[in-house]
Amino acid sequence: MSNPNFDYYARTKQEHGHDHNHDHDDHAPVNEHDNGPPSDYEIMSRAMQELLEEKGLITAEQVRRRMELFDEEFPYRGSRVIARAWTDPAFKARLLADGRAACAEMDIVLESERLIAVEDTPEVHNVIVCTLCSCYPRALLGMPPTWYKSRNYRSRVVFEPRAVLREFGTVLPDHVTVRVHDSNADMRYVVIPVRPEGTEGWSEEQLAGILTRDTLVGVTVPVVHR
């Protein structure tokens, strides 16, 4: 049976264990780690864990395993949502109109008030960032990767998105417009990539298999391996 104290702690650690350092270094690669002091949220999160452990309500091993389960399960949620949007035009319309409500149809409860789905087209490519910290649709994609939280990604993707995308191996034609969307505590984004050619007739499960976290953030595009 689920431990409510444990679940609350794990969820809090997921939602608030991120860096609020707003300094920028515009010349380092996007995969550089942030090596600063712990944030207030990180300190509070650790104090909460120690208190719950002291009271015998949770153990460190339970927390570790629960965090692993979050990371194993959550990335696939986003892939399933977008795969359904690719195969069900009515669902995609609802996702674009109200992302939170559309995800609720699939029994996915989001942590933010709003989820905005942005759709790629042959003329427009969308990328997600949080310029202030690391706001991110964790309920869909799991924990944000280190590069997403780095000062370098947060600053550079706004001013030189094509250069950042090239570092991820994504080279876009000159005619494609790149739009960068800035997440915040109340509003998160997810990208609906262009469905690759050659996937006609594929099932939702097959389509979900080519949708990764990075494609739903917009730093890469789905690839069909032949």
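The values are calculated or read from the model by the stated rules, or taken from the named source; none is laboratory data. Remember, predicted model here, so these are calculated numbers, not experimental data. Heads up, the Cβs are rebuilt from the backbone with ideal geometry, glycines too, and the neighbour counts pull from every protein chain shown.
Quick notes
- Members of region 130-152 found to be outside any loop (DSSP other than H, G, I, E, B) and of a type outside the set (Ser, Thr, Tyr), listed by number: Arg138, Ala139, Leu140, Leu141, Trp147, Lys149, Arg151, Asn152
- In region 160-201, the residues that are assigned to a helix (DSSP H, G or I) and surrounded by 12 or more Cβ atoms within 10 Å (Cβ to Cβ): Pro161, Arg162, Val164, Leu165, Arg166, Glu167
- The residues in region 97-120 that are in contact (Cβ under 8 Å) with a residue 40 or more places away in the chain and under 25 Å from Glu205 (Cβ atoms) can be counted, and the count is 7.
- Glu123 being charged (D, E, K, R), in contact with an Asp or Glu (Cβ under 9 Å, 6 or more places away or on another chain) and loosely packed, with under 14 Cβ neighbours inside 10 Å: no
- Against the test of being at pLDDT 95 or above, among the aliphatic types (A, V, I, L, M) and outside any helix (DSSP H, G or I), the options Val127, Val157, Val109 yield a single qualifying residue, Val127.
- Residue count, region 67-103 (criterion: surrounded by fewer than 19 Cβ atoms within 10 Å (Cβ to Cβ), at pLDDT below 95 and either more than 15 Å from the chain's Cα centre (by Cα) or of a type in the set (A, V, I, L, M, F, W, C) (or both)): 4
- Beta carbons closer than 6 Å, at least 6 apart along the sequence or on distinct chains, never pair a first residue in region 41-53 that is closer than 19 Å to Ser134 by Cβ with a second that is modelled with pLDDT of 75 or more and surrounded by fewer than 13 Cβ atoms within 10 Å (Cβ to Cβ).
- The one condition from (1) over 20 Å from Val118 (Cα atoms); (2) part of a loop (DSSP other than H, G, I, E, B) that Leu211 does not meet is (1).
- Filter pass, Leu115 being under 12 Å from the mean Cα position of the chain (by Cα) and more than 13 Å from Asp214 (Cβ to Cβ): yes
- Where Glu204 falls short, out of the listed (1) exposed (fewer than 15 other Cβ atoms within 10 Å of the Cβ); (2) in contact (Cβ under 8 Å) with a residue 12 or more places away in the chain; (3) more than 18 Å from the chain's Cα centre (by Cα): (1)
- Residues of region 146-177 that turn out to be within 12 Å of Val127 (Cβ to Cβ) and aromatic (Phe, Trp, Tyr), as a count: 3
- Scanning region 148-160 for residues that are out of contact with any His (no Cβ under 8 Å at 6 or more places or on another chain) and farther than 26 Å from Glu113 by Cβ gives Arg156, Phe159, Glu160.
- In region 132-140 there is at least one residue matching the filter, namely being of a type in the set (Ser, Thr, Tyr) and over 15 Å from Phe168 (Cα atoms).
- So Gly201, is it farther than 15 Å from Gly218 by Cα and of a type outside the set (S, T, N, Q): yes
- Of the residues making up region 154-192, not one is polar (S, T, N, Q) and without any contact (Cβ under 8 Å) to a residue 12 or more places away in the chain.
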